[in-house]
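Working notes for the structure below.
Here, each number is a calculation from the coordinates, and none is a lab measurement. Since the structure is predicted, the reported quantities are computational estimates derived from the model, not experimental observations. Here Cβ is always computed from backbone atoms with ideal geometry, including for glycine, and neighbour counts include all displayed protein chains.
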Amino acid sequence: MDVKPDISFGNKEESEYIRKRLIEFNMLHVPENSSSRYEEINLTIKDDNGRVIGGMLATLCWNWIEVDILWIEESLRGMGYGTHLLNLIENIAKEKSCTFIKLNTFSFQAPEFYLKNGYNEVAVFEEAPIGSNHYYFKKAIV
């Protein structure tokens with residue numbers, strides 16, 4: 001039978017349905033004690049006036065933490081704030097019995113920073129975006 005599906009851009013409700021179905025499938029393939037492990041971790045650095053000057057958005061999933069965003073106000077970079085956030089997320093990973101942390105960055109962002117903090121490059125996409133590279137890093141938690 002030749003079936004031609006109707007493909008279109010989905011709405012938010014349809015996106016959530018697709019996400020839910022994939023999560024249900026994934027849960028069938030991971031150890032039971034890991035299947036419910038999902039937590040968003042949001043860390044914020046504020047100055048003395050309560051203004052946000054940096055932070056990290058991360059996700060704990062199964063046996064790892066993925067750092068989605070690490071940002072420090074440009075004028076404060078190189079002062080140890082980013083390293084402090086990485087140390088904190090590594091401690092959280094240990095407390096939560098995670099086995100590794102993963103993250104990605106661009107060549108115009110901070111690949112050297114992550115190398116300096118003990119992360120290992122596991123992949124790189126060259127010319128993504130054009131003129132730059134997209135790096136993927138991992139650090140084992142022991």
Subject >> Dipole axis of the range 36-140 (+1 Lys, Arg; -1 Asp, Glu on Cβ), positive-most option in Leu57, Asn104, Ile41 >> reply: Ile41
Original post:
Against the longest principal axis of the chain, how steep is helix 81-95, in degrees 0 to 90 to the nearest 10, with axes from Cα atoms?
Top reply: 50 degrees
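Round to the nearest 0.05 the FRET efficiency obtained for Asn117 and Tyr38 when R0 = 30 Å and r is the Cβ-Cβ distance.
So, using R0 = 30 Å, E works out to roughly 0.75.
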**OP:** Give the angle, between 0 and 90 degrees and rounded to the nearest 10, that separates the Cα long axis of helix 12-27 from the longest principal axis of the Cα atoms of the chain.
**Re:** 90 degrees
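Would you compute, from DSSP H runs of 4+ residues alone, the mean residue ellipticity of the chain at 222 nm, taking -39500 (n - 2.57) per run and dividing by the full residue count, rounded to the nearest 500?
Values: 3 runs with 37 residues, N = 142.
Helices in the chain give a 222 nm mean residue ellipticity of -8000 deg cm²/dmol.
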Subject >> Cα centroid of the range 11-85 to Cα centroid of the range 109-123, whole Å >> reply: 18 Å
Subject >> Förster radius 25 Å - calculated FRET efficiency between Lys96 and Glu73, Cβ distance, rounded to 0.05 >> reply: 0.35
Subject >> Net charge dipole size for the range 1-90 [Lys, Arg +1 and Asp, Glu -1 on Cβ; Debye, nearest 20] >> reply: 20 debye
